[in-house]
Every structure is written in structure tokens, then in C-alpha cells.
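Right, one structure below, let's go through it.
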Amino acid sequence: MPKTIAAQIVEQLVAAGVKRVHGVVGDSLNSITDEIRQHEAIEWIHYRHEEAAAFAAGAEAQLTGKLAVCAGSCGPGNMHLINGLYDAHRSMAPVLAIAAQIPSTEIGTSYFQETRPESLFRECSHYCETIASARQMPRVLQIAMQNAVGLGGVAVIALSGDVAMQAIESNGLEHPLMISRPTIRPSDTELNKLAELINQSEKITLLCGSGCAGAHDELMAAGEKLLTPMVHALRGKEHVEYDNPFDVGMTGLIGFSSGYHAMENSDLVIMLGTDFPYKDWFPSRAQIAQIDIRAERLGRRCNIALGLVGDVKETLHCLLPLVKRKTDRSYLDKCVEHYKNARATLDSQATGKADKTPIHPEYLAHMINQLASDNAIFTTDVGEPTVWAARYLQMKKGQRLLGSFNHGSMASAMPQAIGAQLTYPGRQVISLSGDGGFAMMMGDILTIAQYNLPVKIIVFNNSSLGFVAMEMKVAGLPPYGTDLKNPDFARMAEAIGIKGIRLEDPANVGTALEKAFAHDGPVLIDAVVNPSVLVMPPRIEFSQAKGFGMYALKQVFNGNGKEVWDTLTTNFLD
């Protein structure tokens, strides 16, 4: 029997294992949403803003590795998807976006809400095409889904509402989504070259990224045979940090001094599944080898001595029998000791005493780490919440950590938490939100209320765009345009039917978190934290110290000496 394109699309999504479509309804999407309404195997999740829908779909895809779907109506509707789609694409999350279009007879006439989805989404997708005729189905949709899953990233299909209602005759071209996971490893010649490089080096450090997912056992075997410290990039944290005696912390601006020094003082750094972008944090003298499944990433961040294309797990499995066992563990022990000292220094800042307000954000993050469940999913906003997550969440096996770590968008934490909770309704999902990021996408707390999702939203409320203010101080500038006049977020949550907790005294942090985590439903904790805390990098440049001195001097001359004193007492004299 003939069916419409809309019906075909929904049936193909169901056959591909898609459970839900994230989006905002609109007349140009009516035929598709109506088909979803009638189908038991798939549901429509209604958001207040399409950007939240795209972030939620990206989170679902990152957590499962399977295809997730979002949709937006014509013009401004699907344009709102673009920020979340950029994030998903840069995170290699397989997401299909359905971008509805104006009536097909009006395309090219500057019609109401007319845009060009093919141009708009081209830069944040592997595949972006318009379905203009029933004769293109089911192939265009199949190709789109195959690109998203096969290449890892976003694919977009655009179609007009009237085209979606066209009848389609079966043409015998429909087939299931091809989910292939090939074994990719370097050639024996390349592996022998890397083994020779390793055998010639005494002090080796591994820099581990998200490509190390699923390779924990192989990493441990490498650590035992090569006696190598392991530094992780932020996206590698959830895959590398747990149960790892070789881990020496993160590197980069928000990392650990131990991570930086382990790389700087080594003879050979091996990059494993990471596209770590910060060139100033690569070692100045060591040789660098890189292993990545995507050939275009080899050598694009630094000068490498050797680049190999391969899956980290399979490559390490084939490489380790070729290398000689190291016997001198002095460098590893030195790096691990440095990490323990750096860890102790950070933990010493994560303190809270009764009535000593405001709350140190480090202490709040430390307590979240202590009380979260062993399989918790954390999402975090960019800026200071990412810093505290990187430094104070000590990942356990089974825990996950999501954020806009490649795209760097504000306001991702709460929408990603929605996607995570919909995907895993039985798991604890905790959003570490900045007050700026939370306020930016605040409308979708109503989505959490509407679906009664038991997300725990913890707002680090310092009434400031804190990380931006810190960057200004380091540059010698007084913060400008960073102040936020916030409401009582807890009372706001209560007004819309979500349990709200206002947290101001450090003595109440543990009790408040326990109460929130035990509550069978959504909770918002409005935690008033110290705005004067500095995010100190593991390596202080003279220019940064000079810049901070200039900021302090300018503020004193401008009559803002109290702010300078608060910053000094919080970070250096407390």
C-alpha cells in the first residue's frame, strides 16, 4: 500500500532503533509529528527551545553511541538547532536532524520564514540534503542515517511539509541501517616503528583522550609494561581516570600541574585518541607520536615524529607484544608523587566550615563527588563548573561526564541532562550548571517539570560570568559586563512544581545534597558560591601574574579595593 514520506520516515527511524525525537512542533512538521503520535515504538519529546532539543539528542547519542534524532520546523525553528548540532558534530555524536522547510512552491521567493537549510547546516554535518520528491525515498534518509552512524557526527535532511505528505510507492530499495564496527589498526611496519621509538625512550607519557573509550584494560597493560604515567584530556577523563594507578591528572589551563610536568619532562609523549587543541601545553622537547582513528587529525596540533591510524584498543593490543618491558619506574613514581601532592593541594581548598560563607565551589564539587551514585551521569556547563568537575569529580567505573568540551557552548548542561535522563530513566543524572548558563536556557526547566524527570540541577550561583571575569583579571582588566542579578532560583523552581533548595551555609551542603539525591523527582539546588575564587592554571606565566597585578592596581585606584581584598583573602590568605 502507498504511504506518505512522513510515514516512511517514522518507520525507518523505528527500524533504526530510534526511541524518541527531540524538538518543538510546528505546522511544517505536522505530518511527521502526527505519524509519531500514532506509533507506539517512538515518542515525541517537546521542548521549549530547539537548541535544548539538539543538545539533548547529542547527549543521548554520546551516551549510547546510537542514532539520536532532533527536529525543527521551517526557518527560525530549525535554525535554533544549530548550536546543539555543532556540539554534537564536534563530539562525533551520531545525530540526525530533520529540518522542515517552507512550502515547496514558495522556495526561492523570499517567502515568510524562508531559509536555506542546505547552506545553514553544511558546516556542522557530514551530510545535508533536501528531499524534494517521493522518488528520493527511502535512499536519502538511509544515506543520512548511514553518514551519522558511520562517520560519527550530524546528518541533516530538509523537506517541506507538503512534500512530506506525498505518497510513495515501494521501490524495493529500503534496507536496514548498516551498523559496522570494523577493526582498524596500523600496519605491522608502522607498529614496529612505534615499538622501536618506545624501546629507545626512557621516560614515556601517554596523553589519553575520548578515543580511549573501551580500552581501559589495554591502557592498564601498557602502564604495567612501559611504566608510563597517563595524562588525560578532559574528554578522556571518564574513560581513563577510574581504577588507574598510572593516572597523573589532566593537563591544560584547567588541569593539574602534575599532568603538565609529566608531559614536559618526558622523552616521548604518545597521544592516544585525542585531538587536544592547546598547543602551548604540548612538551617543548619531547618527541610526540599520535594514534587516532581519524587520519586527518594526525599532526594538526603539534609536530609529531610518527602518526598511526588505528583504534586505540586494537592498536595497543597489537603493539604491546612488540615492545620491551621497562624496569626503571623512577620517572613513573616521580610523576605519581607529583600528582598526589597536586591532588592534596586541590583537596585542601575544598573545605567548608559552618557560617563561613559564601560556599567554596571546590567544596561543593567535592561533596557532589562524595555523594553521587556509582553510575551517575554528570553534565557540566562551560566555565567554572567544568573546572570544578575536571578537578573534583574523581570518576568511577560506570560514571559518565558530558559537556560542551569541544564546541565550548554555554548552557549545555541542563539540556544534556534532559537527554541523559530520558535515555537512562533509572540512573542518577546531575547537572552542574553555572548561573549564567542555567539562566540562558532556563525555559527548558519546564520540560523537566512536564516530564517529571528526576534530574538534579545544581546551580553554582556566584552572580557572575566567573570564568570570563577571571580571564579579564589575568589580562589586567577589571571585570566588565560579567555581573548577574539573579533571582532566588530555588523559589522559582518551587513555583513551577520542582523541589527547590537554597544553599548558603557550607555546613548544610552535605545534608542538602543527600536530600536532593534521595528525592524521587527533579530538584534544583541554588548554591550561593564564592565569586572571588580564582581558577589557577597549573603553569603560571609571567604575563598572567603581571596582568593580575595590573588588575589589582586598577581596581584599588578605581575605589574597588574590597573586591581585590576578597580575591586575595579567598585565594591566598584564607
Can you give me the long-range amide H partners of Cys128? Hydrogens built in the peptide plane at 1.01 Å from N, cutoff under 5 Å, separation of 5 or more residues or another chain. Val156
So what is the 222 nm mean residue ellipticity for the chain from helices alone, if each DSSP H run of at least 4 adds -39500 (n - 2.57) and you divide by all residues, rounding to the nearest 500 deg cm²/dmol? -11500 deg cm²/dmol
Under the rule of at least 5 residues apart or a separate chain, name every residue whose amide H is placed under 5 Å from the amide H of Cys302. none
Span from the region 314-382 Cα centroid across to the region 466-512 one, whole angstrom: 25 Å
Ranking by accessible area, most exposed first, for Met92, Met263 with a 1.4 Å probe: Met92, Met263
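Ranking request for peptides 281-292, 179-190, 359-370: highest mean number of other beta-carbon atoms within 10 Å first, then the rest in descending order. Don't skip to the end; give the middle numbers.
Numbers: 281-292: 19.4, 179-190: 12.2, 359-370: 22.6.
With the highest mean Cβ count within 10 Å placed first, the list reads 359-370, 281-292, 179-190.
Excluding ligands, DNA and RNA, what is the solvent-accessible area per residue of region 5-165 at a probe of 1.4 Å, expressed in Å²? Walk me through the numbers on the way to the answer.
Working: 5760 Å² over 161 residues.
That works out to 36 Å² per residue.
Of all the C-alpha pairs in region 295-439, what % are more than 25 Å from each other? Numbers along the way, then the final one.
Working: 5338 of 10440 pairs.
For region 295-439, the fraction of Cα-Cα distances above 25 Å is 51 percent.
Taking R0 as 56 Å, what's the FRET efficiency between Arg325 and Met178 from their Cβ-Cβ distance, rounded to 0.05? Could you put the intermediate results ahead of the total?
On the way: r = 41 Å, r/R0 = 0.74.
Given R0 = 56 Å and the Cβ-Cβ separation, E is 0.85.
Take every DSSP beta bridge whose two residues both sit in the chain, then give the antiparallel share in percent to the nearest 5.
Details: 3 of 70 bridges.
Bridges in the chain are about 5 percent antiparallel.
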Antiparallel as a % of all DSSP beta bridges within region 351-548, to the nearest 5? 5 percent
On average, how much area does the Cα convex hull of the chain cover when viewed from any direction, in nm²? 28.0 nm²
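Give me the percent of accessible area attributable to carbon and sulfur for the chain, probe 1.4 angstrom.
Working: 12220 of 23740 Å².
Roughly 51 percent of what the probe reaches on the chain is carbon or sulfur.
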Using alpha-carbon coordinates alone, the radius of gyration and Dmax of region 5-165 in Å work out to 13.8, 42
Applying a 10 Å radius around every beta-carbon, put 487-500, 21-34 in order of their mean neighbour count, most first. 21-34, 487-500
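The values are calculated or read from the model by the stated rules, or taken from the named source; none is laboratory data. Not measured: the values here are computed from a predicted model. When we count neighbours, we look across all protein chains shown, and the Cβ atoms used for this are built from the backbone with ideal geometry, even at glycine. Protein only, heavy atoms only, side chains kept; ligands, DNA and RNA dropped before computing areas. Shrake-Rupley method; radii C 1.70, N 1.55, O 1.52, S 1.80 Å.
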